[in-house]
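S.K.: Take this structure first; my questions come after.
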Amino acid sequence: HIATSLPLPSERDHLRPRIDLIVFMIDIKSKCSLKNVEASLAYVDARFFLGKVYFLVTGVGRVNCCSIEINAISKLEEAYCSPVLFCELELEGVRVATAQRLLRMLQICAGLVPGFSALSFSLLMRNSADD
Amino acid sequence: MDETVAEYIRRTVLKIPRDEIKMMLQKWGFLSEAQLQTLNFHQLKDNISQEVVQLCEENSADIKQAAVLDIIYNHIYQNKRMWSVYQMRKTGEELEYFDLTDFKKKFKRRLRSALKNVTITFKEYEDNAIWIRVAWGTPYRQPNQYKPSYVVYHSQTPYVFISASVLKSNLPLLCQALIVASNYHDIREMELRSHSLNSLKDIVFKRYSQNFQTYCPKPLQGKAVEPENVDLRIVNENRSEKERIHRLNQETFGDGPQPILQFAQYKLETMFKSSPEMDVLDKKEPFRCLVKFSSPHLLESLKSLAPAGMADAPLSPLLTCIPQKARNYFRIREKRGLLPESFLSP
């Protein structure tokens, strides 16, 4: 399901399946995008932040078009205890690889991979990033 | 042939891209087909231009013919220049028969009576457009052929499109000659400028697709906004919002291609409204500020703002009124009245 902001329109509540993973996409070229994500985060139930929320920062290929500082993104990551992924949608290879990663993460968050929970996986992601 | 004419023709030919030189010389018609056959268009442009000058020498070209070549070049590359729009007004409603020869005679006479050293050239095109090229001199100097002004006049309309040279002082003279020649009473500059001459014509002749204020009830079934083959496993949560934005955009901008403008400029002379703590200005003076939007295709980019999620729909009427009001330079002043809101100056 793709949405431009939260909360999701209530008229479709009955049609929506269980939500296993939320990925907030931030376009590094647009300050508006970051503001939108920050505003939408307020509508997410606290239980999702146990490994079911990720941030995906796009547009990192164009270094001179960055409007958002990495600082702001790191603050988000710490405040919400959710890992950040970076990708460049315009490159097909990176796009496909990121999509595969997200699908794998979705499998884990939906509980379809035995031995792994969403929480343990996100801790794994965070610890390896801190090294 | 005059040295200056030879040099001018040489430089004009040098401006033309190599692949277009033959076509433009043919359009010019000054050199015969036989002469054109002798030219080698596959050598360096420098050499081509030298050969062209040789041939012109044989035909004894003078500045008048050279000026025609210049008009042809500028007609094809009209988008390189910046055009302003002027509107003429006459008091009576009589539709006088337009006589081209009379127009040309009066125009030349008026200009020459004020300034002896001018080169005036006319060329008519099929779409009823009269192109006028004026090279300006002073009482003591020959006209500067490298900084001419161009005027495009459609005789059935009160609009004139002018691409002035740097010498702004000649503009009033040019305007005067135009109204005298076309039997109008006065002329004023509209606040409308662009590189694209055709787009300016589209705006003032109302040839672009306009949005009419008809009441469009929401369609009973949600129309598919994106007819592309999207994977059915992807669900768009904000479909109704997307459709609303699309519908608003249609109503505001219409369906067809937008006229091409490069700038929209807003000169603000409004009071600075800030929270009391900021208190930037002690004296209550208007805050002077200039906001300029620039883009290779301004209206098209404004149209794509809301669908791209970069702005809320509907857009500010200050932006969307540009084609209807036929202006892209605005002055916004404080409204003097009960409500301290800003309004557009006429």
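The values are calculated or read from the model by the stated rules, or taken from the named source; none is laboratory data. Here the structure is a predicted model, which means the values were calculated and not measured. Reconstructed Cβ throughout: ideal geometry from the backbone, glycine too, with neighbour counts over all protein chains shown. When the accessible area is computed, the model is the full protein with side chains, heavy atoms only, and any ligands, DNA or RNA have been set aside. Shrake-Rupley method; radii C 1.70, N 1.55, O 1.52, S 1.80 Å.
S.K.: Let me spell it out: the conditions are (1) at pLDDT 90 or above; (2) aliphatic (A, V, I, L, M); (3) open to solvent by 30 Å² or more (accessible area, probe 1.4 Å), and B:L111 meets all of them except one. Which number is the exception?
M.R.: Here B:L111 clears every test but (3).
S.K.: Ok, one more. Mind checking which residues of the range A:4-51 are farther than 27 Å from A:N71 by Cβ and assigned to a loop (DSSP other than H, G, I, E, B)?
M.R.: Once the filter is applied, which keeps residues that are farther than 27 Å from A:N71 by Cβ and assigned to a loop (DSSP other than H, G, I, E, B), the range A:4-51 yields A:P7, A:L8, A:P9, A:R16, A:P17, A:R18, A:I19, A:D20, A:D45.
S.K.: Counting just the residues of the range A:1-14 that are over 14 Å from B:R233 (Cβ atoms) and without any contact (Cβ under 8 Å) to a residue 12 or more places away in the chain, which one comes out farthest from the other protein chains (Cβ to nearest Cβ)?
M.R.: A:H14
S.K.: Being within 29 Å of B:V204 (Cβ to Cβ), within 14 Å of chain A (Cβ to nearest Cβ) and either outside any strand (DSSP E or B) or at pLDDT 90 or above (or both): is that true of B:L305 here?
M.R.: For B:L305, the condition - within 29 Å of B:V204 (Cβ to Cβ), within 14 Å of chain A (Cβ to nearest Cβ) and either outside any strand (DSSP E or B) or at pLDDT 90 or above (or both) - is met.
S.K.: Of all residues in the range A:12-40 being touching a helix residue (DSSP H, G or I) at 6+ places or on another chain (Cβ under 8 Å) and over 24 Å from A:R104 (Cβ atoms), which is least open to solvent (accessible area, probe 1.4 Å)?
M.R.: A:L34
S.K.: For the range B:269-291, does any single residue satisfy the condition of being touching a strand residue (DSSP E or B) at 6+ places or on another chain (Cβ under 8 Å), at pLDDT 75 or above, closer than 29 Å to A:I26 by Cα and not assigned by the TED database to the domain that holds B:E191?
M.R.: Yes, the range B:269-291 contains at least one residue that is touching a strand residue (DSSP E or B) at 6+ places or on another chain (Cβ under 8 Å), at pLDDT 75 or above, closer than 29 Å to A:I26 by Cα and not assigned by the TED database to the domain that holds B:E191.
S.K.: I'm trying to understand the selection: among the residues of the range A:41-55, which are basic (K, R) and either surrounded by 14 or more Cβ atoms within 10 Å (Cβ to Cβ) or touching a strand residue (DSSP E or B) at 6+ places or on another chain (Cβ under 9 Å) (or both)?
M.R.: Within the range A:41-55, just A:K52 meets the criteria.
S.K.: Which residue is farthest from the other protein chains (Cβ to nearest Cβ), if the candidates are limited to the range B:308-333 and must be within 18 Å of the chain's Cα centre (by Cα) and of a type in the set (A, V, I, L, M)?
M.R.: B:A326
S.K.: A further question follows. Quick check on the range B:72-89. Is at least one of its residues open to solvent by 20 Å² or more (accessible area, probe 1.4 Å), free of Cβ contacts under 8 Å to residues at least 60 places away in the same chain and under 30 Å from B:N183 (Cβ atoms)?
M.R.: Yes, some residue in the range B:72-89 is open to solvent by 20 Å² or more (accessible area, probe 1.4 Å), free of Cβ contacts under 8 Å to residues at least 60 places away in the same chain and under 30 Å from B:N183 (Cβ atoms).
S.K.: Among the residues of the range B:120-143, write down those that are touching a Pro at 6+ places or on another chain (Cβ under 6 Å) and more than 30 Å from B:F205 (Cβ to Cβ).
M.R.: Across the range B:120-143, the qualifying residue is only B:G137.
Condition check ((1) touching a residue at least 40 places away in the same chain (Cβ under 8 Å); (2) touching a Pro at 6+ places or on another chain (Cβ under 8 Å); (3) surrounded by 15 or more Cβ atoms within 10 Å (Cβ to Cβ)) across all residues:
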site	(1), (2), (3)
A:V57	no, no, yes
A:V60	no, no, yes
A:N71	no, no, no
A:C87	no, no, yes
A:E90	no, no, no
A:T98	yes, no, yes
A:L102	yes, no, yes
A:L112	no, no, no
A:L119	yes, no, no
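S.K.: Does the range A:41-50 contain at least one residue that is hydroxyl-bearing (S, T, Y) and within 13 Å of chain B (Cβ to nearest Cβ)?
M.R.: Among the residues of the range A:41-50, at least one is hydroxyl-bearing (S, T, Y) and within 13 Å of chain B (Cβ to nearest Cβ), which makes the answer yes.
S.K.: Same structure again: Which of the residues that make up the range B:294-326 are charged (D, E, K, R) and surrounded by 14 or more Cβ atoms within 10 Å (Cβ to Cβ)?
M.R.: Correct list: B:E300, B:K303, B:K325.
S.K.: For the range B:21-46, which residues satisfy the criterion of being surrounded by 14 or more Cβ atoms within 10 Å (Cβ to Cβ) and not in a loop (DSSP other than H, G, I, E, B)?
M.R.: B:I21, B:K22, B:M24, B:L25, B:K27, B:W28, B:Q35, B:L36, B:K45
S.K.: For the range B:68-98, enumerate the residues that are in a loop (DSSP other than H, G, I, E, B) and either closer than 19 Å to B:T121 by Cβ or at pLDDT 90 or above (or both).
M.R.: Selection gives B:Y77, B:R81, B:M82.
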